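Reviewing the structure listed below.
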Amino acid sequence: MSIVDYQADELLPDSTLRLIGAVRTYAARMQFFLGVPNTLMIAVLFYNDSGAIQSVFPTVWHWVAFILGVIVPAAVAIDRVLLHPAQIIYNQHQNGHENRSPNYRETMENQRKIDAVDERLERIERRME
C-alpha cells in the first residue's frame, strides 16, 4: 500500500478528527472576514506600485471598483460553476467509503435489515402457497 491509501480515520479516534475538522472549518470561515480587507489593501498596493494599472485606471477607487465589480463576480461565478460542484463530488467520494461516514454506516445497516425482512417475507409467502 502507498501512503495515499491510508486515511487519518484509520489511525486517529473520531474525537480527534472532529476537533481537527472543527478547527479547519472555523479557520476557513474566518478567512472570508480577514480576506476582504486584506485583498483591498493588496489592491491598493498593486495600484500604487504598477504604472500599467495606473495608466488604465485614473484613480485607486476606479481600480477597487473594477475589482469589486468584475474580478469578484468572476471569481464567484467560477466558484459556483466549477469549484463548488467539484468539491461536492469529492466529498461524496470521500464519504462513500464504508466505516467512514456515519450516514453510510446507518444506510448499509438499514439495507441489511431490509434484506433480512425481505428474506423472511419470501419464506412466509412460500409457506402460504
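The values are calculated or read from the model by the stated rules, or taken from the named source; none is laboratory data. Computed from a predicted model, the values in this text were never measured in an experiment. Cβ: placed from backbone, ideal geometry, glycine included. Neighbour counts: every protein chain shown. Accessible surface is based on the protein model in full, side chains and every heavy atom, while ligands, DNA and RNA are left aside. Shrake-Rupley method; radii C 1.70, N 1.55, O 1.52, S 1.80 Å.
Largest GNM mean-square fluctuation across ILE114, ILE88, ILE53, computed for the chain with C-alpha springs under 10 Å, falls on ILE114. Evaluate E = 1/(1 + (r/R0)^6) for ASN95 and MET30, where r is the Cβ-Cβ distance and R0 equals 22 Å; express this FRET efficiency to the nearest 0.05. Efficiency computed from Cβ-Cβ geometry: 0.30. Surface composition of the range 45-84: carbon and sulfur atoms hold 75% of the protein heavy-atom accessible area at a 1.4 Å probe.
Projecting the Cα atoms of ALA75, ALA43, GLN111 onto the charge dipole of the chain, computed from C-beta unit charges around the Cα centre, puts ALA43 farthest toward the positive end. With respect to the chain, whose longest principal axis is taken over its alpha-carbon atoms, helix 14-49 is tilted by about 20°. Taking the C-alpha atoms only, the angle from helix 84-95 to the longest principal axis of the chain is near 30 degrees. Judged by the gyration tensor of its Cα atoms, with axes a ≥ b ≥ c, the chain is prolate; a/c meets the 1.5 cut and a/b is the larger of a/b and b/c. When MET30, MET108 are compared by accessible area of protein heavy atoms, the largest-first order is MET30, MET108, using a 1.4 Å probe. So, with +1 on the Cβ of K and R and -1 on the Cβ of D and E, and no other charges, what is the size of the charge dipole of the chain about its Cα centre, to the nearest 20 debye? Charge dipole of the chain: 340 debye, to the nearest 20. Report, in degrees rounded to the nearest 10, the 0 to 90 angle that the Cα long axis of helix 102-128 makes with the longest principal axis of the chain. Helix 102-128 and the main axis of the chain meet at about 30 degrees.
The label-point distance for THR39 and GLU109, in a model that sets each label 7 Å from Cα toward Cβ, rounds to 4.3 nm. The helix-only estimate of mean residue ellipticity at 222 nm for the chain, built from DSSP H runs of length n ≥ 4 each weighted as -39500 (n - 2.57), is -24500 deg cm²/dmol after division by the residue total. Percent of Cα pairs in the range 1-75 per distance bin of 10 Å, from zero to the largest separation: 15, 29, 19, 16, 16, 6.
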